[in-house]
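To start, the structure itself, in structure tokens.
The values are calculated or read from the model by the stated rules, or taken from the named source; none is laboratory data. On a predicted model such as this, the values are computed, not experimentally measured, just so you know. Using ideal geometry, Cβ is built from the backbone for each residue, glycine included, and neighbour counts are taken over all protein chains shown.
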Amino acid sequence: MFTVKNEVKLKEVHEALLIGIFSKNQKLTGFTHELDTQLDGQITELLKEGDISTKQQTVSKLHTLGKTPIKRVYFLGLGKEIKQTFESLREAFGKAIKTISEAKVESFAIELDSFKSDGLNTYDVAHAFGEALALSSYRFADYRQKSNEPEKKIEEIVVYTEESPEEVKASLTVGFAYGQGTNSARTLVNLPGNMLTASDLANYATELGKKYEFEVEILEKEDMEKLGMGALLAVNKGSAEPPKMIVLKYQGREDWEDVIGLVGKGITFDTGGYSIKPKDGIVGMKSDMGGAAAVLGAMEIIGELRPEKNVVAVIPSTDNMISGDAFKPDDVVTSMNGKTIEILNTDAEGRLALADGITYAKFHGASYLVDVATLTGGVIVALGNDITGAMTNNELFFEQVLEASLEAGEPIWRLPITENHKKRVRKSLVADLNNSPGRDGHAIFAGTFIGEFAENTPWVHLDIAGTATTTSSHNLGPAGATGVMVRTLATLVERFGETNE
Ligand code: BES
Ligand code: ZN
Ligand code: ZN
């Protein structure tokens, strides 16, 4: 994919070359300067006239008409250097790559150093470029007869830099792995419920485990019954599909301690059960395994990069259906940790699946927990579609998750858990907990409920109901699944405990 070269060789033939241009200091240097000379100062002139735009995310194309071995030059406007961030650069790269691939160019070169700024060195730039390349070229192979005619894909990229080619290549590869892990999660979320059952998800995880030598454990219904996973089993009762509890273990340290548990909601379709969803609300519920997808995408990155950390991924998976056997409001179920739950709403099924998922992650030695779930419509009302809702029982651990999310460019915002929320979740005449205390601030009740199972283990809850999918295409991907939180989770694992060591 990437060939990194040190020397500036303007004799090499390329279909296209990508160069970054900031709005100030347009004095051309290095590569761009030489190209300008070859083109008799045309670049300088076009910049002066404004025909090459330096405005952020604006792409200007210059055809060299045979004057240089490079056929076309794409200038990517980067705006003010001081304003450049990893995120803005990644997005600008997305725009440029989209433009170049729409021109049906299959290979191109990039002058990487032209994108570096005070805040971002060439290695950061390489990471951003690798990530943007994977993300922006993502397509879901859908089921339209016509749409799957093979597309021209960018196959090869020559990267010019004055920095160490090996290290630049390593950064490009890391970025690309982050993008690919995100894309895998997108595909899982985009798959409809009839094509991705709990068994399919378990098979996918098993294959991933084989590829990266993770320890894999798939619990069957009978295993769950033995372990007393009454909460997950209740959700599965109305289904024709067997439930699966999926576990992947990655041991990057000598001892199995300081284990990060990643728990993802894996509801492959959510009808709401007997508290059935209205016909408009049910469409799109194939995405109710977005948390599971985020965890699996992160595990793919972890498998690629093999950090010296310990991780256990746990995915409770089933669909939430209706039948004569389905669980009902008023039912009381017993979860794996012994707590009993009064069911007030069968559509609040995610917290039930996660309750047993969290307990099982602890059983496997998780000393820190992050759960990711498309959990509540309430979080969308509170924070919209760009920000993931977060809750915690531990300030220090939350800080680490927050930092990872900032680095990954996936914003999260914290909601509180108060004693009153706990009281409401614990209010029941017949059981220890109820699964739906009310509509008022219900995103918080959902998080509070899960916290009852995390108990004293440091825990962060991420509600991605608003962020797992998008209705419009963007520079870093099409409409549909976003793969949100894949990069945050992988970054968290990579960086975990760095400040304490
Ligand atoms: N899967 C839904 C949450 C959801 C809603 C995800 C919209 C994505 C988009 C979840 O299981 C659910 O139905 N939650 C209920 C909770 C309520 C019953 C307390 C909700 O949000 O209405
Ligand atoms: Zn539901
Ligand atoms: Zn759900």
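Side notes on the structure shown:
- The set of residues from the stretch 92-125 being part of a loop (DSSP other than H, G, I, E, B), within 18 Å of Ser137 (Cα to Cα) and hydrophobic (A, V, I, L, M, F, W, C) comprises Ala103, Val105.
- All of Tyr204, Tyr250 fail the test of being of a type in the set (Ser, Thr, Tyr) and in a helix (DSSP H, G or I), apart from Tyr204.
- Filter result (away from ligand 3 (no atom under 11 Å from the Cβ) and among the aromatic types (Phe, Trp, Tyr)) within the stretch 266-324: Tyr274
- Checked against the criterion of being touching a strand residue (DSSP E or B) at 6+ places or on another chain (Cβ under 8 Å), in the same structural domain as Glu111 (by TED's automatic domain parsing) and not in a helix (DSSP H, G or I), the stretch 27-38 contains not a single residue that satisfies it.
Table: residues versus (1) in the same structural domain as Asn194 (by TED's automatic domain parsing); (2) farther than 22 Å from Thr448 by Cα; (3) crowded, with 18+ Cβ neighbours inside 10 Å; (4) within 19 Å of the chain's Cα centre (by Cα).
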site: Ser287; (1), (2), (3), (4): yes, yes, yes, yes
site: Ala293; (1), (2), (3), (4): yes, yes, yes, yes
site: Glu300; (1), (2), (3), (4): yes, yes, yes, yes
site: Arg306; (1), (2), (3), (4): yes, yes, no, yes
site: Gly324; (1), (2), (3), (4): yes, yes, no, no
site: Ala353; (1), (2), (3), (4): yes, no, yes, no
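- Boolean, Lys48 is free of Cβ contacts under 8 Å to residues at least 40 places away in the same chain, out of contact with any helix residue (DSSP H, G or I) (no Cβ under 9 Å at 6 or more places or on another chain) and assigned to a loop (DSSP other than H, G, I, E, B): no
- Long-range neighbours under 6 Å by Cβ, at least six apart or interchain, first residue assigned by TED's automatic domain parsing to the domain that holds Lys277 and over 21 Å from Asp347 (Cα atoms) within the stretch 367-384, second polar (S, T, N, Q) and more than 13 Å from ligand 3 (Cβ to nearest atom): Leu369/Thr457
- Filter pass, Ala234 being over 27 Å from the mean Cα position of the chain (by Cα), within 16 Å of ligand 3 (Cβ to nearest atom) and assigned to a helix (DSSP H, G or I): yes
- Residues (away from ligand 2 (no atom under 15 Å from the Cβ) and either closer than 16 Å to Gly377 by Cα or out of contact with any strand residue (DSSP E or B) (no Cβ under 9 Å at 6 or more places or on another chain) (or both)) located in the stretch 280-306: Gly297, Glu300, Ile301, Glu304, Leu305
- Lone qualifier among Asp270, Asp330 - being charged (D, E, K, R) and more than 13 Å from ligand 1 (Cβ to nearest atom): Asp330
- Within the stretch 69-93, being of a type in the set (D, E, K, R) and more than 19 Å from Val159 (Cβ to Cβ) holds for Lys80, Glu81, Lys83, Glu87, Glu91.
- Restricting attention to the stretch 58-78, the residues that are touching a residue at least 60 places away in the same chain (Cβ under 8 Å) and within 16 Å of Glu102 (Cα to Cα) add up to 0.
- The residues in the stretch 51-86 that are surrounded by fewer than 16 Cβ atoms within 10 Å (Cβ to Cβ) and either in a loop (DSSP other than H, G, I, E, B) or under 27 Å from the mean Cα position of the chain (by Cα) (or both) can be counted, and the count is 9.
- Any hit, the stretch 294-312, residues being within 11 Å of ligand 1 (Cβ to nearest atom), at pLDDT 95 or above and of a type in the set (S, T, N, Q): no
- Counted as qualifying within the stretch 329-418 are the helices (runs of 4 or more DSSP H) with 1 or more residues that are within 16 Å of ligand 2 (Cβ to nearest atom), namely 350-363, 377-383.
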